[in-house]
1. Highest mean first, how do 290-296, 215-221 rank when packing is the count of other Cβ atoms within 10 Å averaged over residues?
2. Once both labels are modelled 7 Å past Cα along the beta-carbon direction, what's the K319-E42 spacing in nm?
3. Between E149 and L74, what is the FRET efficiency for a Förster distance of 41 Å, r being their Cβ-Cβ separation, to the nearest 0.05?
4. To make sure I understand the rule: partners must be lysines, Cα under 26 Å from the Cα of K192, and not fewer than 8 residues away in the same chain. Which ones qualify?
5. May I ask you to order 306-315, 204-213 by the average number of other C-beta atoms within 10 Å around their residues, highest value first?
6. Of all beta bridges DSSP finds with both residues in region 63-283, what is the antiparallel percent, to the nearest 5?
7. Along Cα→Cβ, 7 Å out, is where each label goes; now give me the distance between the ones at Q66 and D361 in nm to one decimal.
8. Which ordering of H267, H197 is given by a fewest-first count of other beta-carbon atoms within 10 Å?
Amino acid sequence: MNLNIELASRTNNMGENIIREILKVVSRPGMISLAGGIPSPESFPIELFENLQKSVISKYKSEAFQYGPTEGFLPLREELVSILANEGIEATAKQIMITSGSQGTLDAIGKILINKGDIIAVESPTYLGALSAFNPYEPAYIGIKSDEEGLIPKDLDKVLSENSVKFIYLIPTFQNPTGKTLSKSRREEIAKIIIKHNALLIEDNPYSSLRYKGENIKPIASLCPENSVYISTLSKIFAPGLRIGYYVAPEKIRYWLTLAKQGIDLHTSSYNQALAAEYISGGYLQAQIEKNVELYKPKQIAMLNALQAYMPKGFTWSKPDGGMFIWVEGPKNYNMKELNILAMEQGVAFVPGEVFFSQKDEGKNTLRLNFTMASPEVIDLAIKKLGELFDK
């Protein structure tokens, strides 16, 4: 049957996620993927799940399988109070909302805040998933300039002074895609700028637990809570397939985000939330974070060492203190989208950096590398192959 139906105009702004498309290609045997931002299966606490499931059924019985409140499973929200306090965010259980991964929050933010043509200020480059969530609502983007230390506060002040900005979207800690982290002093300056302009910050923080060196830095949202929506997730420190995200927001925004979620999925899985509550209350979280850091740190070191050993002259890269990514910039005449095709023919895949920019024709000479899914030995081999390709 040929169904004759006209799609909504917003579908013109919806495109395939290039990372997902690359991952389809790299699933074939022998391919080394440095493309996806995927936690290693070794990082999942598989050995805990049988006891967690027994505990959930014993403690919550049918409640774990029933419809639940849109705001989230209360025992989990109560457990997250201390988790957020450790991150620098003060919130009560009633102020913490649970979502189906942080992606659910980003889409809901787009739904309640973005009118066609509204200006959103983003880092340049920024998280592709956020652009994918916002694009159907037809915003305009302004990129905020960055340097080797991340976003430049003076440029944010300039952007806010010269434009009517609906909100600012930032990942200040181990940013995706660059891996960069804003210093304490820059965060303080940014918070003052946000308060000065009475602007709204959307702060996304999925990676801060994966710190391999240095000291933790409090979120920008902790310095301007009345002007911030703070988003985080358990995907990197529990299991991404359970789709547990959470956020804290000013009351008015929280109210409308809850209404938006009611229209999207009613609520996040009660059973999965109960598993997460038992995981945290059982005292497993910190040990799992330490295990994941021990797993990923040697992989990151291997990638940084390999880049130093094999990359040709003219290439530079970030040197993050944690997270899952390293950002590479080549000479201006390089086109990494074309080179990625050649790299995949040689059994290595990465993500061309241009997909992380809100404006077309930016970042063609850049790429993002992920190190969580390969062993140090395989990472070394993959970077050597890329170095030889880029040197031609």
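1. On the way: 290-296: 15.9, 215-221: 19.9.
Highest mean packing first, the order is 215-221, 290-296.
2. Distance between label points: 2.5 nm.
3. Values: r = 41 Å, r/R0 = 0.99.
Once rounded, the FRET efficiency stands at 0.50.
4. Filter leaves K145, K154, K158, K166, K180, K184, K218, K252.
5. On the way: 306-315: 15.4, 204-213: 22.0.
The densest-packed peptide leads the list: 204-213, 306-315.
6. Working: 11 of 27 bridges.
That works out to approximately 40 percent antiparallel.
7. Between Q66 and D361, the label points sit 6.0 nm apart.
8. Numbers: H267 20, H197 16.
Going from sparsest to densest Cβ surroundings: H197, H267.
Coordinate-derived values only; no laboratory data. Since the structure is predicted, the reported quantities are computational estimates derived from the model, not experimental observations. Reconstructed Cβ throughout: ideal geometry from the backbone, glycine too, with neighbour counts over all protein chains shown.
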